[in-house]
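Beneath this line is the structure, given in structure tokens, with notes to follow.
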Amino acid sequence: MLKFLHLADLHLGACFDMLPADKAEAAREKQFDALAHAVRVAGRERAQAILIAGDLFDTPSPAPALFSRAMHLLAQAECPVYLSPGNHDHIHAASPYLTAALPSNVHVFTAATLEALPLTAGVTIWGAAFHGQNARVPLDGVSFDTPVNLCLIHTDLLADNGHNHYTPGEIAASRFSYLAAGHNHAPSGLRRAGGTVFACPGGLSAVKSDETGPKGFLLLTVDETVKAQFVSSKAVEFASIDIDLSPIPSDTGLQKVLIDRIPQNHDRVAAAVTLTGERVYEPNLAALRRVLGQVFFSCVVTDRTTLKKPLWRYLQQDDLRGAVSRKYRDLIEAAENEDEKARLLLALRYALAAFDGDTPPAL
Ligand SMILES: [Mn+2]
């Protein structure tokens, strides 16, 4: 049985410019935590290889200290590490992948077309590098000498935007045992085209605030079948949490709602909490920001609520708003059931919002 790790898109050195400077620095540290964690998992699981499907670094010319720190971490792996550079860390004349001394267990595929390296008896790893922002690496024209062939390649599985897109037909025709993809930052899940199993693990680290959802890498076993386990990353994740304040009567009520919405890994989550709806009380936003700032890795609280206005505020008024209010009061009193009453109440709230130039109530 063959066992290996498949990770991609760590984007070491990403700027995290949506975060305050101190949090951005901490987020870059957590990227290294994530890489160190992957190396530890490889050791614990006695993995035979770590496959990195590109964009290990955020730029093609990472700072020398950043590059050597990453290589020092990979050197601690008890197994070989294979890397196929992507569009962010593509090969160029001064690329550190070409110019720096690499640890003896780290193998970078630097050619623009697929090359083979033996892993163990019966297993070959194929890989190639991006040599610019765009690339096209043909999957055909290779001949296999071993029963198991893994292909490690940066590839956009979702769209044909110049980032080495493959169709399911091309993947099926390749006859690789497993295609280890990178580039798309959301996990693809384990997929199959013909006899080839393929997957994109998603980014090991989120680098943009809209990259919400779990981040991690795949632990794969290959024998008669290919099986994958998703292992959560130690890097920062982003989450967007909307709270409808309309039914919440007080800060105590808001606390209760929030407790249910805070994810378990909150200390690694950069959260964007947005309050919506019509508020019936004034939340203590300063206290909320203080508390959530401690709960989360970082948190931005945005208040998009509007103040709920009394429904019958124009009832006694001698104008169109008053006449409309009185008409609806009569209709509501004559309503035959609760559904009709609710519809009439909503209609009145729409009408009053239009009179007042407010945003219409949510359905
Ligand atoms: Mn990429």
Scanning segment 152-197 residue by residue, those over 25 Å from the mean Cα position of the chain (by Cα), aliphatic (A, V, I, L, M) and assigned to a loop (DSSP other than H, G, I, E, B) turn out to be none
Among Val148, Val142, Val197, Val207, the single one that is of a type in the set (Val, Ile, Thr) and within 16 Å of the ligand (Cβ to nearest atom) is Val207
Contact list, first residue from segment 120-145 and assigned by TED's automatic domain parsing to the domain that holds His92, second anywhere and assigned to a strand (DSSP E or B) and open to solvent by 70 Å² or more (accessible area, probe 1.4 Å), beta-carbon distance below 8 Å, six or more apart or interchain, is Thr124/Pro118; Ile125/Pro118; Trp126/Glu115; Gly127/Glu115; Ala128/Glu115
Taking segment 1-36 and the residues there that are in contact with a Lys or Arg (Cβ under 9 Å, 6 or more places away or on another chain) and open to solvent by 20 Å² or more (accessible area, probe 1.4 Å), the one that is modelled with the lowest pLDDT would be Met18
Scanning segment 280-308 residue by residue, those closer than 30 Å to Ser325 by Cβ and surrounded by fewer than 14 Cβ atoms within 10 Å (Cβ to Cβ) turn out to be Glu282, Arg304, Leu307
Per the filter on segment 261-275, residues open to solvent by 30 Å² or more (accessible area, probe 1.4 Å) and in contact (Cβ under 8 Å) with a residue 40 or more places away in the chain are Arg268, Ala272
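Table: residues versus (1) of a type in the set (Ser, Thr, Tyr); (2) assigned to a helix (DSSP H, G or I); (3) closer than 29 Å to Leu157 by Cα.
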site: Thr59; (1), (2), (3): yes, no, yes
site: Pro62; (1), (2), (3): no, no, yes
site: Leu74; (1), (2), (3): no, yes, yes
site: Pro85; (1), (2), (3): no, no, yes
If you go through Val207, Val236, Val257, the only one that is more than 30 Å from Asn149 (Cβ to Cβ) and in contact with a Cys (Cβ under 9 Å, 6 or more places away or on another chain) is Val207
Quiz prompt | Glu78 assigned to a loop (DSSP other than H, G, I, E, B), more than 16 Å from the ligand (Cβ to nearest atom) and farther than 22 Å from Ala181 by Cα | solution = yes
Review point. Is there a residue in segment 119-142 that is modelled with pLDDT under 95, open to solvent by 40 Å² or more (accessible area, probe 1.4 Å), under 30 Å from Ala193 (Cβ atoms) and part of a strand (DSSP E or B)?
Key: yes
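The values are calculated or read from the model by the stated rules, or taken from the named source; none is laboratory data. Being a predicted model, the structure only gives us computed values, none of them experimental. Virtual Cβ from ideal backbone geometry, glycine too; neighbours counted across all protein chains shown. Areas reflect the complete protein model, heavy atoms only, side chains present, ligands, DNA and RNA absent. Shrake-Rupley method; radii C 1.70, N 1.55, O 1.52, S 1.80 Å.
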